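Below you'll find the structure, written out as structure tokens, and then a few comments.
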Amino acid sequence: MNLDNLFNAAQEAFLFYKNVSGQEKGAFLEKLADTLETNRDEIVSLAVIESNLPEGRINGELGRTVGQIRLFAKMVKEGTWVEATIDPAMPDRTPLPRADIRRMLTPLGPVVVFGASNFPLAFSTAGGDTISALAAGCPVIYKAHPAHPKTSQKVAECIHDAILKTNMPSALFTHVEGGIPEGQALVKHPLAKAVAFTGSHAGGKALFDLANQREEPIPVYAEMGSVNPIFCFSKKLQKENESLAKAFVASLTLGVGQFCTNPGLIFVPKSEAKAFEKAIADELNDIASAPMLHPGITEAYYNSIQYLQSREELRWVKVADAQHLINGSTALAEIKASDWLKDTVFQKEVFGAFAMMVVYETEDELIEIAKHLHGQLTVTVWAEQEELQDQLFLLSLIEEKCGRLLFKGVPTGVEVGYAMQHGGPYPSTTNSRSTSVGVYAIKRFARPIAFQDMPEELLPDALRDSNPLGIWRMVDGEYKK
């Protein structure tokens with residue numbers, strides 16, 4: 001693999017593709033969505049074999065993948081996402097005239113995307129990172145995850161088929177395989193302009209550090225998971241004890257606990273702890289163990305459990321069965337809030353169907369918990385409305401610790417839309433100002449540029465007075481078409 005040749009080709013593709021119209025970019029993405037649907041049976045079959053995930057889950061994930069591609073296609077065709085802003089010239093303004101200044105978002109350049117292990121489609125080859133980068137106008141050098149190589153290769157073929165059929169440059173997408181050294185080399189290449197990653201904290205932080213050691217540092221958008229805590233209040237648990245236990249266990253064990261929004265931490269008042277613990281344990285006892293994504297993840301899960309079992313602060317409600325190093329079984333441990341607060345290791349994510357129930361005695365203790373909580377993708381609050389009337393300080397603390405705050409339901413299930421925020425304060429991500437799900441993911445791969453006194457015929461379409469795209473722009477402080 002000659003990286004210079006690879007990146008030079010991607011850079012040439014970038015200089016062409018950045019000037020392709022939103023209509024043409026949208027048509028390319030729509031063709032890709034159609035191609036994936038045409039190849040659905042083969043893609044699903046490969047992914048089921050390589051990931052140990054059931055066919056229904058993979059079919060649903062492919063549907064989500066195609067849906068988000070079509071969503072981005074619609075957005076780039078419409079064009080407003082570039083945030084076109086115009087301050088017309090004011091030559092007669094006193095004491096000084098104003099130049100004509102026009103601002104918009106423009107793509108960064110070649111983007112390196114790392115595939116995820118737990119989503120072989122939606123966060124992998126044609127997943128959200130790849131598609132949002134392509135939608136922004138950036139070529140993608142994609143580093144395939146070794147857990148599902150055949151699935152990745154097949155999807156890459158679909159991308160190149162769509163590129164060919166819409167007359168886009170072939171280097172718009174490049175599929176690369178290899179291990180850690182190959183991934184590091186991609187990040188270090190001087191023509192790489194951004195990195196997207198979904199995976200472990202260790203992996204994401206390593207890429208972040210590497211990118212910031214370059215002569216030209218580049219942004220790394222790493223989604224590194226979290227424990228997605230749930231804060232429970234007494235009246236809510238008294239009223240809905242069994243139904244909340246069912247919801248919690250269903251979310252905890254979804255996909256054998258291998259979701260980045262898996263709720264691995266739950267804070268329960270002492271007055272309700274015994275009843276809620278029993279309800280959870282009853283539900284967990286009905287959950288059969290199931291194969292995890294690959295043996296490496298299973299081994300890491302049981303290694304984490306084994307370490308926690310050595311901690312005397314924990315009381316085990318359900319112990320994981322490690323007889324089979326393929327299947328992941330459920331586990332639940334309980335700890336006093338006073339002990340939990342003493343050691344940050346109890347906040348570390350255990351990737352699998354394990355949860356820690358933290359029992360608190362007072363609201364002051366809950367405040368301390370919120371103060372010490374690490375950054376999360378999500379935080380959920382289960383409370384009756386009247387229980388929150390005097391909890392604005394607590395809610396403000398919690399709000400500072402997450403990217404998505406839920407007041408009912410469970411954190412698993414991330415809607416792909418316009419309002420979704422999937423990203424939170426460190427260590428859940430390396431950049432809390434971005435999202436990896438939803439249309440705003442596109443803005444990770446664009447930067448603002450202003451044109452001053454540029455002739456009309458040289459301006460990008462979005463900034464021309466004629467407004468050939470017919471989009472809404474901010475003109476002299478007011479939205480106009």
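The values are calculated or read from the model by the stated rules, or taken from the named source; none is laboratory data. From a predicted model like this one, the values you see are computed outputs, not experimental measurements. Cβ placement follows ideal geometry from the backbone for every residue including glycine, while neighbour counts extend to all protein chains displayed. Quick note on the areas: whole protein, heavy atoms, side chains included, nothing else; ligands and nucleic acids left out. Shrake-Rupley method; radii C 1.70, N 1.55, O 1.52, S 1.80 Å.
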Q: Only residues that are surrounded by 11 or more Cβ atoms within 10 Å (Cβ to Cβ) and over 21 Å from Arg98 (Cα atoms): list them for the stretch 469-481, please.
A: Leu469, Ile471, Trp472
Q. Does the stretch 404-417 include one or more residues that are surrounded by fewer than 17 Cβ atoms within 10 Å (Cβ to Cβ), closer than 21 Å to Glu83 by Cβ and of a type outside the set (D, E, K, R)?
A. yes
Q. Between residues in the stretch 30-43 that are touching a residue at least 60 places away in the same chain (Cβ under 8 Å) and polar (S, T, N, Q) and residues that are surrounded by 21 or more Cβ atoms within 10 Å (Cβ to Cβ) and part of a helix (DSSP H, G or I), which pairs lie under 6 Å by C-beta distance while being six or more apart or on different chains?
A. Thr35/Cys158; Thr35/Ala162; Asn39/Cys158
Q) Does the stretch 399-417 hold any residues that are farther than 19 Å from Ala370 by Cα and free of Cβ contacts under 8 Å to residues at least 60 places away in the same chain, and which are they? A) Glu415
Q) In the stretch 263-276, how many are in contact (Cβ under 8 Å) with a residue 60 or more places away in the chain and open to solvent by 30 Å² or more (accessible area, probe 1.4 Å)? A) 1
Q. If you scan the stretch 136-154, which residues turn out to be touching a Leu at 6+ places or on another chain (Cβ under 7 Å) and either closer than 19 Å to Phe197 by Cβ or in a strand (DSSP E or B) (or both)?
A. Cys138, Pro139, Val140, Ile141, Lys143, Ala147, Thr151
Q: For Val345, state whether it is open to solvent by 20 Å² or more (accessible area, probe 1.4 Å) and within 20 Å of Ile305 (Cβ to Cβ).
A: yes
(Q) If a residue counts only when it is open to solvent by 10 Å² or more (accessible area, probe 1.4 Å) and in contact with an Asp or Glu (Cβ under 9 Å, 6 or more places away or on another chain), which helices (runs of 4 or more DSSP H) contained entirely in the stretch 162-258 have at least 1 such residues? (A) 201-212, 234-253
Q) How many residues does the stretch 139-161 hold that are within 26 Å of Leu293 (Cα to Cα) and surrounded by 18 or more Cβ atoms within 10 Å (Cβ to Cβ)? A) 15
**Q.** Any pair with Cβ under 7 angstrom, 6 or more apart, that starts in the stretch 172-189 at a residue that is free of Cβ contacts under 8 Å to residues at least 40 places away in the same chain and ends at one that is in a loop (DSSP other than H, G, I, E, B) and small (Gly, Ala, Ser)
**A.** Glu177/Ala144
Q: Say whether the condition of being out of contact with any helix residue (DSSP H, G or I) (no Cβ under 6 Å at 6 or more places or on another chain), open to solvent by less than 10 Å² (accessible area, probe 1.4 Å), under 27 Å from Gly255 (Cβ atoms) and in a loop (DSSP other than H, G, I, E, B) is met by at least one residue in the stretch 126-135.
A: yes
Q) Within the stretch 266-293, how many residues turn out to be in a helix (DSSP H, G or I) and aromatic (Phe, Trp, Tyr)? A) 1
Q | In the stretch 67-84, residue farthest from the chain's Cα centre (by Cα) [restricted to those that are under 21 Å from Glu478 (Cα atoms) and open to solvent by less than 40 Å² (accessible area, probe 1.4 Å)] | A | Ala84
Q) What pairs come up if the first residue lies in the stretch 453-466 and is on the phi < 0 side of the Ramachandran plot and open to solvent by less than 60 Å² (accessible area, probe 1.4 Å), the second is of a type in the set (Phe, Trp, Tyr) and not in a loop (DSSP other than H, G, I, E, B), and their beta carbons are under 7 Å apart, counting only those six or more places apart or on different chains? A) Leu459/Phe451; Leu463/Phe451
Q | Cβ-Cβ under 9 Å pairs, at least 6 apart or on other chains, the stretch 3-17 side over 11 Å from His189 (Cα atoms), far side open to solvent by less than 10 Å² (accessible area, probe 1.4 Å) and assigned to a helix (DSSP H, G or I) | A | Ala10/Leu172; Ala13/Leu172; Phe14/Leu172; Phe16/Leu172; Tyr17/Leu134; Tyr17/Leu172
Q) Is it the case that the stretch 379-387 has a residue that's within 25 Å of Tyr221 (Cα to Cα), surrounded by 14 or more Cβ atoms within 10 Å (Cβ to Cβ) and of a type outside the set (Asp, Glu)? A) yes
Q) If you go through the stretch 98-115 one residue at a time, do you hit one that is more than 19 Å from Thr35 (Cβ to Cβ), open to solvent by less than 10 Å² (accessible area, probe 1.4 Å) and not hydrophobic (A, V, I, L, M, F, W, C)? A) yes
Q) Hey, Arg444 hits all of (1) open to solvent by 50 Å² or more (accessible area, probe 1.4 Å); (2) part of a helix (DSSP H, G or I) but one; which does it fall short on? A) (1)
Q: Taking only the stretch 246-289 into account, find how many residues are closer than 14 Å to Thr380 by Cα and among the hydrophobic types (A, V, I, L, M, F, W, C).
A: 7
Q: For the stretch 423-439, name all the residues that are among the hydrophobic types (A, V, I, L, M, F, W, C) and outside any loop (DSSP other than H, G, I, E, B).
A: Val439
Q: Filter the stretch 20-66 down to residues that are of a type in the set (Ser, Thr, Tyr), open to solvent by less than 50 Å² (accessible area, probe 1.4 Å) and in a helix (DSSP H, G or I) and give me whichever is farthest from Pro146 (Cα to Cα).
A: Thr35
